[in-house]
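One structure below.
The values are calculated or read from the model by the stated rules, or taken from the named source; none is laboratory data. Fair warning: this is a prediction, and the values are worked out from it, not measured in the lab. Glycine also receives a Cβ, built like all others from the backbone with ideal geometry; neighbour counts cover every protein chain displayed.
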Amino acid sequence: MAVPSDAELLQAQADLWRHTLCYLTPMALRCAVELGIPTAIHRLGGAASPSDLIAALSLPPSKLSFLGRLLSQLATAGVFDSTDDMGTATYRLKPISYLLVDGVHIEGDACQTAIVRAASSRYYVEAALGLSEWFKKDFEGPVPSPFEDLHGATIFDDSMALLDPEMDKLVHEAKASHNHMGIGLVLRQCRELFQELESLTDLCGGDGTTARAIVRAYPHIKCTVMDLPKVIDKAPAEGVIKYVAGDIFHAVPPAQAVLLKSVLHLWSDEDCIKILAQCKKAIPPRGAGGKVIVIDIVLSSASGLMLETHHLVDMLKLVMTRGRQRDEKDWSDIFMKAGFSEYKVFKKVGARTVIEVYP
Ligand SMILES: C[S@@+](CC[C@H](N)C(=O)[O-])C[C@H]1O[C@@H](n2cnc3c(N)ncnc32)[C@H](O)[C@@H]1O
């Protein structure tokens, strides 16, 4: 490459500062969540100055100018709206900070603070700090994630609870808030997917939140939730949903459709093919309405900031799990290898895509 021009070099230096320092944004966001700033702004009527927040949060007045700088950075990053009135800044909630208000309710608990706290925790950050060491290691057998290699525990597994019960609880809270938000929206935007269905198995459906939302919207669908015994043991016994304890690699409860929502990204291609092959055994032929519904990210299906979000989520999967995000070709490959004949990208809903897969 030719030596860049003076202007290019100066711009490159500024870009490098941004890339090197942008880890401070999640740290500032974590600080805002720990201090309860979004909740305080909400309680103050949706708008607050730094001095309002110093008083509301009982912070030392000596921290006023520091708090102003933190808020200003978060407003620049798009977390809050800000206006300046004769030198006094006022900060307002935006949709992103509204999701960080304690107790916010949008068709269920929608508060997303657990994700901010988990993703900026020392466990996640230390695993990412070890990436280059992990790349240099040659493992025998299946390659553990950098997180597993460093901490000797697997996220969502009993080993995580043994390592740190508090962190395990937080990770489960983060997973629940991440997965439960938006199911009502998916159901409203994908009527054709569900309205003709007689029965559905929500595979790895956790505590049944998604299945309950489906049955509320479509009471004629007979819904079964399958998950690991330790999860099903804690599921609510409300009588409408059938709960089955089992292992996705062994058998899937039969139904006209199987739902795999935010599941396959946790698994390698080989495991996904095994899981999908079990799903195929559980559904009738296409002519009888048999299908698998996958709700997950499709990489390269977006542009701009959403594309960046998709790739950051893929990096998170790389650091934390043995799974991955997939582009449409990757999805097509695993569907075909599992014995399915065709798939249709049904709709994009937020960061995720809904795909129908036919036997
Ligand atoms: C990311 S969560 C799934 C999220 C859920 N589908 C949703 O959208 O809310 C992964 C789930 O898979 C379950 N799971 C993991 N391994 C499993 C296995 N071998 N058999 C059955 N369930 C399993 C976990 O207990 C967990 O509830």
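Cβ contacts < 8 Å: first residue polar (S, T, N, Q), restricted to the stretch 345-358; second residue assigned to a strand (DSSP E or B), any location; separation 6+ or different chain. Result?
Final answer for the pair search is T353/I295; T353/D296; T353/V298; T353/V345; T353/F346; T353/K347.
Can you find even one residue in the stretch 188-197 that is under 22 Å from A114 (Cβ atoms) and within 16 Å of the ligand (Cβ to nearest atom)?
Taking the stretch 188-197 first, the residues under 22 Å from A114 (Cβ atoms) are none.
No, the conditions are met nowhere in the stretch 188-197.
Does A257 qualify as being within 24 Å of the chain's Cα centre (by Cα) and away from the ligand (no atom under 13 Å from the Cβ)? Break it down into steps so the answer makes sense when it comes.
Values: within 24 Å of the chain's Cα centre (by Cα): yes; away from the ligand (no atom under 13 Å from the Cβ): yes.
Here the answer is yes, as A257 does meet what is asked.
Please specify each residue of the stretch 128-167 satisfying the condition of being more than 22 Å from the chain's Cα centre (by Cα), without any contact (Cβ under 8 Å) to a residue 60 or more places away in the chain and surrounded by 13 or more Cβ atoms within 10 Å (Cβ to Cβ). Please lay out each step first, then the result.
Within the stretch 128-167, the first condition is being more than 22 Å from the chain's Cα centre (by Cα), and the residues that meet it are 130, 132-143, 149-150, 152, 162-163.
Among the residues that remain, those that are also without any contact (Cβ under 8 Å) to a residue 60 or more places away in the chain are: 130, 132-141, 149-150, 152, 162-163.
If the condition is that a residue be more than 22 Å from the chain's Cα centre (by Cα), without any contact (Cβ under 8 Å) to a residue 60 or more places away in the chain and surrounded by 13 or more Cβ atoms within 10 Å (Cβ to Cβ), then G130, W134, D149, L150, L163 are the ones that fit.
I'd like to know if the stretch 333-345 contains one or more residues that are within 14 Å of the chain's Cα centre (by Cα) and outside the structural domain of D149 (by the TED database). Steps first, please.
Our first condition is that a residue be within 14 Å of the chain's Cα centre (by Cα); within the stretch 333-345, this holds for none.
No, the conditions are met nowhere in the stretch 333-345.
Before we move on, is L276 assigned to a helix (DSSP H, G or I) and closer than 16 Å to T201 by Cα? Step through it out loud before you land on a result.
Working: assigned to a helix (DSSP H, G or I): yes; closer than 16 Å to T201 by Cα: yes.
In short, yes.
Taking the stretch 83-107 only, how many residues are loosely packed, with under 14 Cβ neighbours inside 10 Å, in a strand (DSSP E or B) and over 25 Å from the mean Cα position of the chain (by Cα)?
Counting residues in the stretch 83-107 that are loosely packed, with under 14 Cβ neighbours inside 10 Å, in a strand (DSSP E or B) and over 25 Å from the mean Cα position of the chain (by Cα) gives 4.
Regarding the stretch 223-235, can at least one residue be identified that is away from the ligand (no atom under 12 Å from the Cβ) and out of contact with any Gly (no Cβ under 9 Å at 6 or more places or on another chain)? It would help to see each step written out before you state the result.
Taking the stretch 223-235 as the starting set, the residues that turn out to be away from the ligand (no atom under 12 Å from the Cβ) are 223-224.
Adding the requirement that they be out of contact with any Gly (no Cβ under 9 Å at 6 or more places or on another chain) leaves none.
Scanning the stretch 223-235, I find no residue that is away from the ligand (no atom under 12 Å from the Cβ) and out of contact with any Gly (no Cβ under 9 Å at 6 or more places or on another chain), so the answer is no.
For the stretch 186-267, give me every one of the strands (runs of 3 or more DSSP E) that falls completely inside it and has 3 or more residues that are farther than 26 Å from L316 by Cβ.
On the way: elements: 199-203, 222-227, 242-245, 257-261.
In the stretch 186-267, the matching strands (runs of 3 or more DSSP E) lie at 199-203, 222-227, 242-245.
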